[in-house]
Each structure stands twice: as structure tokens, then as C-alpha cells.
Amino acid sequence: GAGGATSLYVSEMVTSRALVERTPVSMRLVEHDPDESPRSVQLYGVDPATVGAAVRMLVEEDRADHVDLNFGCPVPKVTRKGGGAALPWKLELFRSIVAAAVREASPARVPVTVKMRVGIDDGHQTFLEAGRVAEGEGAAAVALHARTAAQAYSGQADWRRIAELKQAVTSIPVLGNGDIWSAEDAVAMVSQTGCDGVVVGRGCLGRPWLFTDLAAAFAGSRARVEPSLAEVAQVLRRHAEYLAEFHEDEGKGCRDIRKHIPWYLKGFAVGGRLRQQLGLVDSLAALDDLIATLDLSQPWPREAADGQRGRAGSPRQVALPDGWLRSRELDESHRRAIAEAELSVSGG
């Protein structure tokens, strides 16, 4: 947020049902280090009872200080069953899920926030009603990714939508999300839309110091972190080590770091052959050997390092349950689709 710029880091998306069933992977995703505060957990869910049960568990077992409900996922396997960004179209279902989460979280004074998209596509926008419903049901804040599900991550986020939501939702903070690749972008979003703060997703990929830049920018400083390739390589190496620790498996950690490497190296001069080898790295020793061959004296490549990170994809027709758009009410066949959508989709 702006002003006293408080910041918050939210976990990877965890499926409510997987959490209620205590699957090993979901239990690891909600683990926090003792010094992490506040502990934020992001939940995905499509069924009010299951989401309620997941929040109750987080609260009763003191596993979270904040719960974020994600209704922004545009992935076909999720929307095809009516989940993610498709869900707020069924407004009463959306209302019941937010209400269930708030009901279970409020005795412990744990705030619940809601993240969503503009809608399914331009003809089926849901963000204004969903924002007002979330506000009415006691959400502590709403965040809007200013794209539709049909846009996925392609094209440009339409920040005007964030300004519209800010006009519609008046009693709780409205946060903006979409195309924040630098601290300057964040400051621009706040000044153009009047939003109360920003949410960064793909912008921090390969660039964890973006948050330091954001804090500086909101405090009015022009100072920015501009690491040399040597410093970037150090962070990349530590990231790989953390992944190996998290998975308790060096090979798995190294497979996991591969996709991050191009994001870390964005803008730096690194030959194609070397990039290719880095993309196949299978041990920390191999990573060290390859890092040693980089020209580490390169300074931060300013402009070249900014911009799109992660796959942009292309606009598409959103996969939905049959007849989903016919009405905003949930019929029996949709209830069945939604029940199936509660199956495991953690980490999306």
C-alpha cells in the first residue's frame, strides 16, 4: 500500500479441499518460518462449506494471520469446471464462499481479502458486483487484476477498470494488479486509478528486489536496486538452494529453478548456448559451473530488464461448463461441475 507502505507476501494458491484433507503438499504450502509475519495464505475454492472448513482449520490451528481468496485463475482446467475467474459469474455462489470464509475467520480477527478479474470476457464482466458483494460480506480488501479470463495474461491490463472499482467499493481498500513490471508502474497505477495499493504477480519473477524498489518509490525515493550480474547470480543461486531445501530433493529444486533462470537473466548479455545449458541444469554443482562462465561484471541493464515476465499467452475463448453463461444462478448440472472443481488444483 501507499503512505506508510505496509507490505504483505501471499503464499502460492492452495486448494481448500486439499487443505481440509491435509494433503502433504498443501500442508507444506501453508508452512511459514517462525519469523514470518504476517502469515498470509491464498486459498482457491468453489464450495462454501469446504472453504469455510479450510479457513476454520487455518484459524483454529493458528496457521495464518490473513486469508486471501483467489477468484482470478484463468487456467482452462479450472474455469472448465466453473472455478477461478469463472466463478463470480454465479454471484450467489461467490457471495456464499466469501461469507463462509469471513464467518470462520472473524472470531480470530483474521482478515479475508478477495482477488478477482474483470470477468469472463468483455461481454460477461463481474468485477463491480463481485466487489460490492465482497465488501458487503465483510472482506477486508478487494484486489482486481485488470484483465478478463479470456485475456489470460495477454494484451494489456486495462487500469481504468481499477478506477471504476474504486468508485464502486467505498468502505474497504481497493488494490490494483496487472502489468506492474517496475516501481514506476506501481506509482503510475496508484496515481491513474486512485487505488489504495498494488498487487504484484509476475512482475517479481526473477526479480525479488522489486519489493525493495516499491517500498522506496512509495516512500518518495528515486533510489532503485540495480544489481550487477554477479549479484543477480548470487540471488539466483540462493533461490535454487532454497528450492532444493523446500523439496528436500536437489534434482527437483534444480528442475524448478530452470524456468526462473531466463527471468533472472532478462536484459543481460548471455549467449544462446549458455542459456540452453542453464535450462537443463540438474545439480547445484552444475549451476555453479555455469555461473562461473558468465561475464559477471555486467551492470544492471535498466530498460532491457523491464517489461513482460512469464508467458503472455494469447486471448482465447474461456473453457466453461455447458450453459454456464445462460444465467447467473447455479443450476443442478453446474452444481455437479463445481463439486468436481473442488478436486486438487493446488499451486496454480
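No value in this document is a laboratory result; all are computed from the given coordinates. Worth saying up front: this structure is predicted, and the values here are computed from it rather than measured. Cβ coordinates were reconstructed from backbone atoms using ideal geometry, including for glycine residues, and neighbour counts include every protein chain displayed.
What the table shows:
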{"read-out": "Over 23 Å (Cα to Cα) - which of Lys77/Lys166; Lys90/Lys115; Lys77/Lys259 fall in this group", "value": "Lys77/Lys166"}
{"read-out": "Where chymotrypsin sites (Phe, Trp or Tyr not before Pro) fall in DSSP loop in the range 1-94, at most 13 other Cβ within 10 Å", "value": "Tyr9"}
{"read-out": "Label-zone membership for the range 277-320, site Ser228, 7 angstrom Cα→C-beta point, backbone N under 14 Å", "value": "294-301"}
{"read-out": "Sorted by Cβ density within 10 Å, fewest first, the residues Thr170, Thr193, Thr293, Thr148", "value": "Thr170, Thr293, Thr193, Thr148"}
{"read-out": "Gyration tensor (alpha-carbon) shape descriptor, the range 1-82, a/c threshold 1.5", "value": "oblate"}
{"read-out": "Given the chain, longest segment not containing exposed loop trypsin sites (Lys or Arg not before Pro) (DSSP; at most 11 other Cβ within 10 Å)", "value": "110-221"}
{"read-out": "The chain: antiparallel DSSP beta bridges as a percent of all, rounded to 5", "value": "5"}
{"read-out": "The range 229-299 - percent relative contact order, Cα under 8 Å, separation 6 or more", "value": "39"}
{"read-out": "Rounded to 10°, Cα long-axis angle of helix 127-136 versus longest principal axis of the chain", "value": "70"}
{"read-out": "Three-way shape label, the chain, alpha-carbon gyration tensor, a/c 1.5", "value": "prolate"}
{"read-out": "Rounded, prolate or oblate (a/c below 1.5 giving rounded, otherwise prolate when a/b exceeds b/c) for the range 229-299 by Cα gyration tensor", "value": "prolate"}
{"read-out": "Degrees between helix 332-341 axis and first principal axis of the chain (Cα, 0 to 90, nearest 10)", "value": "30"}
{"read-out": "With Cα atoms, 0 to 90° folded angle of helix 229-247 axis to the chain main axis", "value": "50"}
{"read-out": "Cα-based reach from Lys252 at 12 Å (exclusive), listing aspartates and glutamates while leaving out same-chain residues under 8 positions away", "value": "Glu241, Asp282"}
